[in-house]
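We did not get these values from a lab; they are worked out from the coordinates using the rules stated. Keep in mind the model is a prediction, meaning the values are calculated, not measured. Don't worry about glycine lacking a Cβ; one is built from the backbone with ideal geometry, like all the others, and counts go over all protein chains shown.
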Amino acid sequence: MKIIARNRKAYHNYEVLEKIETGIELEGTEVKSIRAGKINLLDSYAVCKNGELFLNHMHISPFEQGNRFNHEPYRMRKLLLHKKEILRLAGEIERKHLTLIPLSVYFKKQWVKIEIGLCRGRKKYDKRQKIAANESKKRLANVMKYSSNRS
């Protein structure tokens, strides 16, 4: 499994409740650009339309050696899931007011896979609390490390 891109900001801005692995419908030049690492997940999200999931605002740079049939960088891309899973996710999004955010893009054998997260947005004070908790854990680990070295 070769990870191509990660959306690190998603873990800061959202609370990830569930992770789902999906396939994605791509054109040939898009796959070549992804292999070259020319992909950006920042500000992208998934929506459910007519019983199908689509990924919006994911930027895949045009392939440099591509011709006039090169792809559009910001086009909507269809996510590949079973109908049952799509309906379940759409229901949870509607009921609980959640969002589908792509967390990472990777190759599994020869297939491009996207890990999407069912997420709830964090408020500013939640972000501050998370940062403070992480800093206190780091300080505690350093103190423990220092005290064990002195003994």
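Key figures for this structure:
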item: Subset tally (residues that are assigned to a strand (DSSP E or B) and surrounded by fewer than 17 Cβ atoms within 10 Å (Cβ to Cβ)) for region 72-98; result: 2
item: Single condition residue 64 does not satisfy, out of (1) of a type outside the set (S, T, N, Q); (2) outside any helix (DSSP H, G or I); (3) surrounded by 13 or more Cβ atoms within 10 Å (Cβ to Cβ); result: (3)
item: Unique match (being surrounded by 13 or more Cβ atoms within 10 Å (Cβ to Cβ), within 27 Å of residue 128 (Cβ to Cβ), out of contact with any Cys (no Cβ under 8 Å at 6 or more places or on another chain) and basic (Lys, Arg)) among 6, 35; result: 6
item: Residues that are closer than 18 Å to residue 79 by Cα and over 13 Å from the mean Cα position of the chain (by Cα), drawn from region 1-32; result: 25, 26, 27, 28, 29, 30, 31
item: Residue identified as surrounded by 10 or more Cβ atoms within 10 Å (Cβ to Cβ), under 14 Å from the mean Cα position of the chain (by Cα) and β-branched (Val, Ile, Thr) among 105, 143; result: 105
item: Residue match in region 44-54 (condition: polar (S, T, N, Q), in a loop (DSSP other than H, G, I, E, B), without any contact (Cβ under 8 Å) to a residue 40 or more places away in the chain and surrounded by fewer than 13 Cβ atoms within 10 Å (Cβ to Cβ)); result: yes
